[in-house]
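Enquirer: Structure incoming, see below.
The values are calculated or read from the model by the stated rules, or taken from the named source; none is laboratory data. Since we're looking at a predicted model, the values are computed, not measured. Neighbour counts are summed over all protein chains in view; Cβ atoms, including those assigned to glycine, are modelled from backbone coordinates with ideal geometry. Ligands, DNA and RNA are stripped out before the accessible areas are found, and what is left, the full protein with its side chains, is counted by its heavy atoms. Shrake-Rupley method; radii C 1.70, N 1.55, O 1.52, S 1.80 Å.
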Amino acid sequence: MRSRPPGFYLIVLTGVVVALLVGLGRPLSDIRPTPALAESVPFNCLILPGQEAASVLMTNSLTVDASCIVTCKFQTTKYDNNPQITCAKPVPAGKEVEMCLLSSGGDKIVKSTEGHAECTK
């Protein structure tokens, strides 16, 4: 068996190999990445004329370009047909963009029932 230098440990977690250097005079908190925090941003789940499609709009209200995600759910005239769409893409700081379009599948879209949007720096 090969010897490892002092302070070097190899840890295997569910098939992923992680090398962890310890004893180098740095606290472990300096080594771990800080998780990104998502912030809520303005959005609009807009039913288009003809009521057979919807546009999903959102604004990156952050001061930096960000990775954004928005989800909109709608109700149609058909019983128990509640289409939902989730869109994600990078959005420039301070810009409003159309994230995606949703087709109702031939049924009239009656109203937007729920949604949320967030951006991560």
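Enquirer: What percentages make up the Cα-Cα pair-distance distribution of the range 51-115 when the bins are 5 Å wide from 0?
Expert: Bin by bin from 0 Å, the calculated values are 4, 19, 27, 18, 13, 10, 6, 2, 0.
Enquirer: Grab the Cα-Cα distance for L48 and K78, subtract it from 0.36 nm times how many residues apart they are, and report the gain in nm with one decimal. Don't skip to the end; give the middle numbers.
Expert: Details: separation 30, 0.36 × 30 = 10.80 nm, distance 1.77 nm.
Taking L48 through K78 to full extension adds about 9.0 nm, to one decimal.
Enquirer: Express the accessible area of the range 40-119 per residue in Å², computed with a 1.4 Å probe while the remaining protein chains stay in the model. Display every interim value, and only then the final one.
Expert: Working: 4460 Å² over 80 residues.
For the range 40-119, the per-residue accessible area is 56 Å².
Enquirer: While we're here: Tally Lys/Arg at +1 and Asp/Glu at -1 over every other residue whose Cβ is under 10 Å from the Cβ of L37; what's the total?
Expert: Overall, the nearby charge balance is -1.
Enquirer: Okay, moving on. Count charges around Q84 for me, please; just the other residues with Cβ under 12 Å from its Cβ, Lys/Arg as +1, Asp/Glu as -1. Kindly include the intermediate steps, with their values, before the conclusion.
Expert: Values: positive: K73; negative: E114.
After counting each charged neighbour, the total is 0.
Enquirer: Excluding N60 itself, calculate the net charge of residues whose Cβ lies under 15 Å from the Cβ of N60, where each Lys or Arg counts +1 and each Asp or Glu counts -1. Display every interim value, and only then the final one.
Expert: On the way: positive: K89, K95, K121; negative: E39, D65, E96, E98, E118.
Combined, the nearby Lys, Arg, Asp and Glu give -2.
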